[in-house]
Amino acid sequence: MKNHKIIIMLALLIALPLTALAQTKQITLTTHNLCPYGCYDEDDVFDGCALRVVGYSLKKMGVELNLVVVPWIRAQRMANDEKVDGYFAASQSEERDRNGVRSSVVAEQRWNWYMLRNNTLDPSGADFKENATVAAFRGSNMLKWLKDRDYNVTASPPTTEQLLNMLLLGRFDAMLANDMVMTDKIMKRNLHGRFKVMTLISKPLGVYFSNAFLKKNPDFLDKFNKNVEEYMEMNPLPSNSFACPLLQ
């Protein structure tokens, strides 16, 4: 019996280093086409500030990234169904926390109210929720936040671009949207001065890795986060800025 125990202990000691050395060499993550975090440029190359942070961290770990670009709801569902290892860039929510673990911050985000300049309603007013029609894009935490708080949600198109077009047509009073995404669209479409803007809350973004992936790779997240934080230290944001870190 004693010899049997010794053999078992030796087998465990041999297996431990092999487990420690085992590390995934490729990871599949989903994202969506959303400038400036990640989008296609004029040459059909997918790039963006969130993608750069993720790519930097994985490269330092020697892990190849297989990136799948799909609509945002599908990006999250694929991770929840264990068809991919995770998705980004996502803000925290209780629902997302049930299916995965969020990384360190890969990009900043503010939720802003956007209204046409001639609209007299005030998002900070006590009667705003009762009187205003509002919208946010489908699959977003913003839309869930509005519905959970009983706002009068009258539209939920699949993209911020469609959301913006509907606001310009006066289909609703206010939209809740990501500040950097909207800034990018306002600049590209020369819509300066068309809106009233009010910040609601800061909601930073990270990568959600699925519980199944992290169970198989228990040391992965700590290493990934360390590299993300290193990237952010090398690419600090200007004071009071929510812009994407610059590519070095």
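In segment 71-116, what residues are in a loop (DSSP other than H, G, I, E, B) and over 20 Å from Gly55 (Cβ atoms)?
Those that are in a loop (DSSP other than H, G, I, E, B) and over 20 Å from Gly55 (Cβ atoms): Pro71, Asp81, Glu82, Lys83, Ser91, Gln92, Ser93.
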Across segment 30-53, what is the number of residues that are more than 11 Å from the chain's Cα centre (by Cα) and closer than 23 Å to Asp179 by Cβ? 12
Would segment 216-234 turn up any residue that is part of a loop (DSSP other than H, G, I, E, B), buried (at least 17 other Cβ atoms within 10 Å of the Cβ) and at pLDDT below 95? no
If you go through segment 172-193, how many residues are touching a Phe, Trp or Tyr at 6+ places or on another chain (Cβ under 9 Å) and of a type in the set (D, E, K, R)? 2
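Going by what's in this entry, would Gly100 be described as in the same structural domain as Asn227 (by TED's automatic domain parsing), modelled with pLDDT of 95 or more and of a type in the set (Gly, Ala, Ser)?
Values: in the same structural domain as Asn227 (by TED's automatic domain parsing): yes; modelled with pLDDT of 95 or more: yes; of a type in the set (Gly, Ala, Ser): yes.
When the stated conditions are applied, Gly100 passes them.
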Candidate set from segment 124-145 (those that are crowded, with 21+ Cβ neighbours inside 10 Å and under 14 Å from Ala174 (Cα atoms)); member that is nearest to the chain's Cα centre (by Cα): Met142
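For (1) touching a strand residue (DSSP E or B) at 6+ places or on another chain (Cβ under 6 Å); (2) not assigned by TED's automatic domain parsing to the domain that holds Gly38, each residue gets a yes or a no:
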position: Tyr151; (1), (2): yes, yes
position: Gly170; (1), (2): no, yes
position: Asp179; (1), (2): yes, yes
position: Phe224; (1), (2): no, no
position: Glu230; (1), (2): no, no
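The values are calculated or read from the model by the stated rules, or taken from the named source; none is laboratory data. Note that the structure is predicted; figures quoted are calculated from it, not measured. Cβ sites come from the backbone with ideal geometry, for glycine too, and all protein chains shown count toward neighbours.
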